[in-house]
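Any read-out appearing in this document is the output of simple, stated calculations on the displayed coordinates, not a laboratory observation. It should be emphasised that the depicted structure is a prediction, and the values quoted were computed from it without experimental measurement. Here the Cβ is made from the backbone with ideal geometry for all residues, glycine too, and neighbour counts use every protein chain on show.
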Amino acid sequence: MKYALTVAAVLVVALGVAGIVHGEADDSPGLQLLGVLLVLGAVVFGIRNIRGGS
């Protein structure tokens, strides 16, 4: 289960990066912000999941 959550976090990071790239191409600051928030949230979730935090 731990690995599935880590893989999900990696996929969300990829989705966030895609949002940042597409937002930059379309000159959309809102999409870039959502992408950054997705990446940051997934990284924090992934680190907490690997460390075994609550």
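Determine how many Å³ per residue the convex hull of the Cα atoms of segment 1-48 encloses. Write down the numbers at each step before the final one.
Working: hull volume 2.0 nm³, N = 48.
Looking at segment 1-48, the number lands at 42 Å³ per residue.
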- line: Highest mean packing first, using Cβ neighbours within 10 angstrom, the peptides 45-52, 7-14, 24-31 sort as 7-14, 45-52, 24-31
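Please give the length that would be gained between Ala4 and Ile50 if that part of the chain were fully extended, namely 0.36 nm times their separation in residues minus their C-alpha to C-alpha distance (nm, one decimal). Provide the component values of the computation, followed by the final result.
Numbers: separation 46, 0.36 × 46 = 16.56 nm, distance 1.13 nm.
Using 0.36 nm per residue and subtracting the Cα-Cα distance, I get 15.4 nm.
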- prompt: Relative contact order, percent, of the chain when contacts are C-alpha pairs under 8 Å separated by at least 6 residues?
  reply: 42 percent
message: With the crude spin-label approximation of a point 7 Å out along Cα→Cβ, what separation in nm comes out for Leu37 versus Val21?
response: 2.3 nm
